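Structure, as structure tokens:
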Amino acid sequence: MLIRVPSASRCSSADITPESVYLSRRRFMAASGAGLALGALPGVAFAQDVSPYEVPVPAEQPTWFTEKLPGVQWRAVVPLDETITPFEDATHYNNFYEFGPDKGDPAEHADAMDIEPWTVQIDGAVEKPGTYSVADLVQPHRLEERIYRLRCVEAWSMVIPWLGFPLGELIRRAGPTGGAKYVAFETAVLPEVMPAVDSRFSLIDWPYREGLRIDEAMHPLTILAVGMYGRILEEQNGAPMRLVVPWKYGFKSIKSIVRLSLVEEQPYTTWQNLAPEEYGFYANVNPNVDHPRWTQARERRLPANLFSTNVRDTLMFNGYADEVASLYQGMDLAKFY
């Protein structure tokens with residue numbers, strides 16, 4: 001089933017995916033006998049042993065993940081002139097400060113993190129609190145491929161194909177009560193494999209914490225991702241489960257989630273607490289409101305090199321204004337940044 005998003009930013013996979021990748025996916029569909037049924041719907045589905053992005057797929061992926069791949073649904077909310085960031089760049093240029101301050105530290109250290117088994121605690125203003133495995137959380141849902149921009153507050157950006165499901169569906173299953181106005185998240189604290197967590201020089205009060213207003217969390221663009229590029233999520237990218245909120249700066253999309261709480265008051269968030277003059281609770285991408293150290297009017301789309309800096313104008317709400325601007329109607333976005 002093809003999921004359509006009625007917006008000006010809608011596109012087809014042929015428009016956003018490199019031609020060789022697109023053709024390889026089409027060839028697989030035809031070879032599998034799906035040509036007549038799916039030929040008119042490029043990118044609708046792919047089998048668990050085929051990656052449409054031509055990246056290495058692990059020989060062993062968790063059963064809860066591979067069981068969902070044959071039914072993957074496709075959704076793209078990026079403009080027509082964009083291409084997907086190479087897998088190598090998306091997995092080797094990251095901020096995950098538990099593993100170190102440099103962009104290469106997560107890829108170097110994160111594979112020491114054991115992501116199986118993994119549990120997530122759901123609590124607060126919900127009817128069904130409990131501690132659930134990732135498999136428990138994923139099982140009721142069909143995975144969707146969401147191709148989203150990722151915009152860092154440091155003024156660089158990527159376009160990444162995630163695999164996940166809407167956070168709102170999980171919240172509905174948990175049964176929010178009348179007091180639920182915000183959703184708070186926490187990242188794992190694993191000092192035995194996360195060097196920065198045990199460092200006396202770290203300024204962060206671990207665990208890393210983030211939060212959303214309940215209507216932001218319930219918005220259909222907000223997802224919990226468990227995969228990327230047709231394969232299980234990489235540890236350095238937030239395995240086994242992370243948040244993806246494409247209209248906000250990347251630090252809002254918390255990685256390696258171990259706790260999700262529905263609360264009545266605006267929750268503590270790590271960067272807002274550490275430097276409130278630099279990082280607001282909302283963190284909406286806004287080219288008109290600069291960070292004290294980085295202009296937000298322009299961004300560097302990765303990959304970039306000596307011959308092409310790949311700089312472009314930043315779009316309001318990261319290009320998702322048609323979908324999300326109504327959430328902030330009447331708000332002063334320079335004050336609530």
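The table for this structure:
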quantity: Karplus-derived HN-Hα couplings along the range 216-221 (A = 6.51, B = -1.76, C = 1.60, θ = phi - 60°), whole Hz, x at Gly and Pro; calculated: 5, 5, 7, 5, x, 7
quantity: In the range 269-337, GluC sites (Glu not before Pro) in a DSSP loop with at most 12 other beta-carbon atoms within 10 Å; calculated: 277
quantity: Mean Cα-pair separation over length for the range 272-335, i.e. relative contact order, pairs under 8 Å, 6 or more apart, %; calculated: 24 percent
quantity: Accessible surface, per residue, of the range 47-328 when the full set of protein chains is kept, probe 1.4 Å, Å²; calculated: 40 Å²
quantity: 28 Å Cα-Cα threshold exceeded, pairs from 181/335; 68/255; 103/181; calculated: 103/181
quantity: Per-pair calculated FRET efficiency, R0 = 25 Å: residue 313 and residue 266 via Cβ, rounded to 0.05; calculated: 0.20
quantity: Restricting the range 196-229 to chymotrypsin sites (Phe, Trp or Tyr not before Pro) in coil, as DSSP defines it, with at most 10 other Cβ within 10 Å; calculated: 201
quantity: Apportionment of accessible area to carbon and sulfur, the range 64-129, percent (1.4 Å); calculated: 49 percent
quantity: Sequence of 337, 249 when ordered by accessible area, the most exposed leading, probe 1.4 angstrom; calculated: 337, 249
quantity: Trypsin sites (Lys or Arg not before Pro) lying in DSSP loop within the range 169-246, provided at most 11 other Cβ fall within 10 Å; calculated: 200
quantity: All aspartates and glutamates inside 16 Å of residue 128 as judged from Cα atoms, apart from same-chain residues fewer than 8 positions distant; calculated: 136, 169
quantity: Principal axis box of the range 47-328, alpha-carbon based, largest edge first, Å; calculated: 51, 44, 44
quantity: Net lengthening on full extension, residue 304/residue 200 (0.36 nm per residue, minus Cα-Cα); calculated: 34.0 nm
quantity: For the range 152-248, the spread of Cα positions along each principal axis, largest first, Å; calculated: 41, 35, 27
quantity: 91, 177, 309, ranked by accessible area, largest first (probe 1.4 Å); calculated: 309, 177, 91
quantity: Counted charge near residue 298, where neighbours are those whose Cβ lies closer than 9 Å (Asp, Glu -1; Lys, Arg +1); calculated: 0
quantity: Extension gain (nm, one decimal) between residue 103 and residue 278, 0.36 nm per residue minus Cα-Cα; calculated: 61.0 nm
quantity: Label point distance in nm, residue 136-residue 66, each placed 7 Å from Cα along Cα→Cβ; calculated: 2.4 nm
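The values are calculated or read from the model by the stated rules, or taken from the named source; none is laboratory data. Just so it is clear, the model here is predicted, and its values are computed rather than measured. FYI the Cβ positions are ideal-geometry reconstructions off the backbone, even for glycines, and counts take in every protein chain you see. Surface accessibility is based on the protein's heavy atoms, side chains included, excluding ligands, DNA and RNA. Shrake-Rupley method; radii C 1.70, N 1.55, O 1.52, S 1.80 Å.
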